[in-house]
Every structure is written in C-alpha cells, then in structure tokens.
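To start, the structure itself, in structure tokens.
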Amino acid sequence: MITIKNVVKKFGDNTEELRAVNDVSLTIKDREVFGIIGESGAGKSTLLRMINALESPSEGTIFIDDVDMHQLSERELRMQRKDIAMIFQDYNLLMNKTVGENVALPLTLHSYEEPLEVNQVLEFVGLLDKKNQYPRQLSGGQKQRVAIARALITRPRVMLCDEPTSALDASTTQEVVNVLKKANQAFDMTMVIVTHELSVVKQICDRAAVLEQGKLIDVLNVKQGHVGLDNEQSYYVQVKEVLEA
Ligand SMILES: Nc1ncnc2c1ncn2[C@@H]1O[C@H](COP(=O)(O)OP(=O)(O)O)[C@@H](O)[C@H]1O
Ligand SMILES: [Mg+2]
C-alpha cells in the first residue's frame, strides 16, 4: 500500500513560491491500477516522482507499506527502489544498445533475487523477434513495450508510469494499454499511471485521482462508474463526462 499524507511540494523561493503539489492525501492499494489525471502543470509528475523519492516533499509523508520513503539512507533507498520500476513518455531506451541489451540493463546495475529472463519478458510484450534489433528500428509503441519489458524483468512490486502513451497514436496506445493491463494481472503489482488521456484511464484504471493546480479534487472509482461529488470546475466536468459515458 502506498500512503500519501498531506504532501506539499514547493518550488521557487519565498518571493515566488509555487505549490506544485498542495496538501495531497491518498492511499493506493496493493495490485491496484491507480490513475493520476489532470491538465498539464497540475502536479502529476511531481507527485509520481515523490513516490520513488526522485523528488522529496516539502511537507508531509509518503509510505510504501511501512517504509517512509523520505527517511531512508542512500543505501536503504537503493534497496527500496529495486521494488519500484518506472516508465516514461519518451521511453528512455539506450539507442546504441539492442532491444535485448536494453531489457537486460537493470540486471547489470543491481542484483535481484528472482529476476525474470530477457526472453521471457520480451515474449510477454510480444517482441521476442526484435531482440537483436535497435530501438531506432522500432515504432513508438514497440519502444514503449521494450521499456515495459525492461521494467518487468526485475519483478517490481510497484510500477510508476508517467504519460506512457502520450507520444503514441491511437492504435499503438492500445498496444501499450493492453500490455500494461496484462502485466498488472500477471505480476501482482501495483501500478500508478499519470496521464491526461481519459480514454486510457477508462480502460485500465481501477481508481483515479484528479489533480488541479496541485490540489486533489477527487478520487474517482473508475471501474464502478462512480465519479464522486458534483464539482463545477472545468477539467473535472470534462473528466466526469468522459468517464460516465
Ligand atoms: N524542478 C522544478 N522546478 C520548478 N518548478 C517545477 C519543477 N518541476 C515542476 N515544476 C512546476 O510544477 C508544476 C507542476 O509540474 P508537473 O508535476 O510536471 O505537472 P504535470 O506533470 O501535471 O504536467 C508546474 O507548474 C511546473 O512548471
Ligand atoms: Mg508531467
């Protein structure tokens, strides 16, 4: 379980202070697919990056199970991060390495107790035949599936996805959504997906937090079609319309 409590992230100085995340509290359950949605600049990426301590909160706490992610030594943090994988909008693949080498990369950086095998995860994402090719030879959707395979090889307990489909067109978005869904089911992991694409939320998320200017507006039960309180704020109204349809 991920427990985010009264988290504030301030940027800037006292004269021009920005609260990118403003007093957000929420709980993400084990094995849940949890969306974080909102317009550009709402604070989604900042909130996500605080979960694996790439950013530290100005106030508040973030626990994964009973571990306070922001009270760890460097060494403890390295250990904790082994259970957390992350994928990004722009894939972050190494262009001079083959698909297989990219996928194997995490295993060259740390030792893992029960990692999967390169062939196994490539097969899982449907790209075993691309193992010896280079990223430049692949489509965007295929590159993102390579990034997912690289994330899965360590058997993470938590997978953080920052706009995983935002660089993709509709059909390749579908490929990636399908692989993420399948991964959540096959590997018993908690997924947090930041996106501004409501169709993605609707297809894959169990619940989704709506952020607006750093503030948590509501947490929607996507699967139950329940969308919470009435609220006249613009982005929120659009969210409701799409998710209730
Ligand atoms: N390192 C930083 N320094 C200063 N401001 C930042 C930094 N990172 C993000 N911000 C600001 O915080 C706000 C939220 O950013 P971000 O979390 O990236 O939003 P989102 O992912 O929802 O688009 C934005 O106004 C952004 O400009
Ligand atoms: Mg972002």
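Taken together, the values in this text are just the output of simple stated rules run on the coordinates, not laboratory data. Only a predicted model underlies this, so the values are computations on that prediction, with no experimental measurement involved. Cβ: placed from backbone, ideal geometry, glycine included. Neighbour counts: every protein chain shown.
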(request) Using θ = phi - 60° and the Karplus relation 6.51 cos²θ - 1.76 cosθ + 1.60, list the HN-Hα couplings for the range 34-47 in order, rounded to whole Hz, with x at every Gly or Pro. (result) 10, x, 10, 10, x, 6, 4, x, 6, x, 4, 5, 4, 4
(message) Using each residue's phi in the range 122-136, evaluate 6.51 cos²θ - 1.76 cosθ + 1.60 at θ = phi - 60° and report the 3J(HN,Hα) Karplus result to the nearest Hz, with x for Gly and Pro.
(response) 5, 4, 4, 8, x, 10, 4, 5, 9, 3, 9, 8, 9, x, 5
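So in the chain, what percent of DSSP beta bridges are antiparallel if you round to the nearest 5?
50
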(request) Hey, can you grab everything whose amide H is under 5 Å from the amide H of Lys9? Only 5+ residues off in sequence or another chain; H modelled, so Pro and N-termini drop out. (result) Ala20, Val21, Asn22, Asp23, Ser58
(request) Considering the options Leu168, Asn102, Ser40, tell which one lies farthest towards the positive end of the dipole of the chain, charges being +1 on Lys and Arg and -1 on Asp and Glu at the Cβ, about the Cα centre. (result) Asn102
(request) Convert each backbone phi in the range 7-23 into a coupling constant with the Karplus relation 6.51 cos²θ - 1.76 cosθ + 1.60 (shift: θ = phi - 60°), then list the ³J(HN,Hα) values in order as whole Hz, x for Gly and Pro. (result) 7, 10, 10, 9, 10, x, 10, 5, 6, 10, 8, 10, 9, 5, 10, 10, 6
(request) Report, in debye and to the nearest 20, how large the dipole of the range 73-194 comes out about its Cα centre when Lys and Arg carry +1 and Asp and Glu carry -1 on their Cβ. (result) 160
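Can you give the relative contact order of the range 29-75 as a percent, counting alpha carbon pairs under 8 Å and 6+ residues apart?
On the way: 21 pairs, mean separation 9.8, N = 47.
Once divided by the residue count of the range 29-75, the mean separation gives 21 percent.
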(message) Can you give me the distance in nm between label points at Leu54 and Asn132, each placed 7 Å from the Cα along the Cα-to-Cβ direction?
(response) 3.4
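Order of Glu197, Glu114 from fewest to most other C-beta atoms within 10 Å? Intermediate values should be presented prior to the final figure.
On the way: Glu197 19, Glu114 6.
Ascending Cβ contact count within 10 Å gives the list Glu114, Glu197.
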